[in-house]
């Protein structure tokens, strides 16, 4: 099996994502060496490729790391798609004895960006290069065109760039519409690749993490929209599927809306008279990237409450047994909707779109603060275009985000862009009506509510934090600023006795 000694690139880790990425690279004319810790898995994969894939002659398997590394042209480019954390560190440690100056290690897993910063520094000290690259799009994306988010040195990117641009998803440069005519052995070559060099060290993995945080809130908002139609309007799954299909023809056009319609229309394989979604247990899993996004927002002091709410919603869903028990003793209002169903469905659509704008605004605001903290220079218009194809959050309105940052690269918040500002003004009445109806009827829609609170908090010139800061000065002498003094001057009063003098600190 070890018959090739001059592969263009190597890959370690042959789980589903790794296998599909190998086939994608082979389809684009690159010869790929592969290695897996469990040799039998590598052997089975290569044998299947030989029988079934049109680009099989470009895939070569190796049963030792030394032979694997030796088979790759220098400077070697080796992709890791292994378990994040300790698994990645262990794989790097096992590779290092065989690598030479200038070789490049590419971590394509969902690594924490701080781990990537550390690894890049350690590997650079050895005369090697390290790229941390987010890979988004799931199994289908890896096979036919993912969104790729690399961070690392310019020199390393220059070497990897031809491969990453070849295998990435492609979008029309004028409209931002993704090309989706997938076919094994016939790769898409026209259009703008959904990849670019995002910055040094952990920039790529940070952007991928925020992508996943946006994915969390996007999914939660869609689920809450479904829940309102199910609980408040008493609609069946196939009726809701038809609504989502209709929504996918307009501004909400996206991959997640599309698959939601497919899911809701799916009949239960065990009972064709029922819908599968009604048999799926309401406990959601997660892999941690949404939590990382929320923790980073807290660390950087960025208000990303709606994104965090999506994470908490998954935590709450996991308390299934507690919720079942609580449902027997904690009573809320009865559901009593007496309005026009079609009218309310349109209100939900507007509320969903308005909330999505806020969700993306939070994600891009977080990246803006992170670039200051970690000395990156992120191009948000390019990032939005990168998200336009291949990745899970790909959506029509990402083109509008690209346009917003092209028009104003220093845009403080996405909600301030004229297009999105108008959309929020047009949609907020419907948004408020939906959230109010949900509250009155006891239908839990935490993400829709939280997104609205973010919008209202951001647009108000004076918040009740004046009282909060006075409380902090009262019990902890934390000081305060005055509205009639310039920013940066701090004052303190010895509370609560009248007539105590104000002290400038």
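Taking 15 Å as the cut-off, the amide N atoms of the stretch 367-396 that come nearer than this to a point 7 Å along the Cα-to-beta-carbon line of residue 413 belong to 367-369. Global dimensions of the stretch 351-485 from alpha-carbon coordinates: Rg and Dmax equal 18.0, 53 Å. With a ≥ b ≥ c the root eigenvalues of the C-alpha gyration tensor of the stretch 465-504, is it rounded (a/c under 1.5), prolate (a/b larger than b/c) or oblate? Here the stretch 465-504 falls in the oblate category. Annotation: peptides 350-358, 328-336, 177-185, 420-428, ranked by per-residue average of other Cβ atoms within 10 Å with the highest first, follow the order 350-358, 420-428, 177-185, 328-336.
The reciprocal of the average 1/r between distinct C-alpha atoms defines the Kirkwood hydrodynamic radius, which for the stretch 113-217 equals 14.4 Å. Just to confirm the number: angle between the C-alpha axis of helix 465-476 and the first principal axis of the chain, 0 to 90 degrees, nearest 10? Tilt of helix 465-476: around 90 degrees. Give the calculated FRET efficiency between residue 56 and residue 161 to the nearest 0.05, with a Förster radius of 25 Å applied to their Cβ-Cβ distance. Here the calculated transfer efficiency is 0.45.
How much of the DSSP bridge set in the chain is antiparallel, in percent, rounded to the nearest 5?
If we restrict to bridges inside the chain, about 45 percent are antiparallel.
Dividing the convex hull volume of the alpha carbon atoms of the stretch 421-505 by its residue count gives 164 Å³ per residue. The convex hull drawn around the Cα atoms of the stretch 281-391, when projected onto a plane and averaged over every direction, covers 10.5 nm². Rounded to the nearest 0.05, what FRET efficiency is calculated for residue 234 and residue 40 with R0 set to 45 Å and r the Cβ-Cβ distance? It comes to 0.30. Modelled this way, with points 7 Å down the Cα-to-C-beta line, the labels at residue 47 and residue 325 are 5.1 nm from one another.
Sorted largest first, the principal axis extents computed over the alpha-carbon atoms of the stretch 1-151 equal 42, 31, 26 Å. The slack between residue 315 and residue 94, meaning 0.36 nm per residue of separation minus the straight C-alpha distance, is 75.9 nm. Taking a point 7 angstrom from the Cα of residue 189 along the C-beta vector, which residues in the stretch 19-52 have backbone N less than 14 Å away? From the stretch 19-52, the list is 27-30. Estimated from helical segments only, the mean residue ellipticity of the chain at 222 nm is -16000 deg cm²/dmol, where each DSSP H run of four or more residues counts as -39500 (n - 2.57). When the Cα gyration tensor is reduced to axis lengths a ≥ b ≥ c, the ratio a/c is 1.5 or higher for the stretch 281-345, and with a/b not above b/c it is classed as oblate. In this simple spin-label model, placing a label point 7 Å from the Cα along the Cα-to-Cβ direction at both residue 342 and residue 242 gives a separation of 1.1 nm.
Its relative contact order, with pairs defined as Cα atoms under 8 Å and 6+ residues apart, puts the chain at 12 percent. Working from Cα positions, state the angle (0 to 90°, nearest 10) between the long axis of helix 305-317 and the longest principal axis of the chain. Approximately 80 degrees, to the nearest 10. When the square roots of the Cα gyration tensor eigenvalues are ordered a ≥ b ≥ c, the ratio a/c for the stretch 206-459 is 1.5 or more and a/b exceeds b/c, which makes its shape prolate. For the chain, the longest principal axis of the Cα atoms and the long axis of helix 341-374 meet at an angle of about 70 degrees.
Quick check on the stretch 9-201: of the DSSP beta bridges with both residues there, what percent are antiparallel, nearest 5%?
Working: 8 of 27 bridges.
DSSP beta bridges in the stretch 9-201 are roughly 30 percent antiparallel.
Find the centroid of the Cα atoms in the stretch 1-54 and in the stretch 212-240, then give the distance between the two in whole Å. The stretch 1-54 and the stretch 212-240 have Cα centres spaced 39 Å from each other. Distance between the modelled labels on residue 154 and residue 426, one decimal in nanometres: 4.2 nm (7 Å Cα→Cβ projection).
Sequence-distant contacts, meaning Cα pairs under 8 Å at least 6 residues apart, place the relative contact order of the stretch 206-459 at 29 percent. The value given for the chain is a Kirkwood hydrodynamic radius of 25.1 Å, derived from the mean inverse Cα-Cα separation.
No value in this document is a laboratory result; all are computed from the given coordinates. These numbers were taken from a predicted model, which means no experiment stands behind them. Cβ atoms come from the backbone with ideal geometry, glycine included; neighbour counts cover every protein chain shown.
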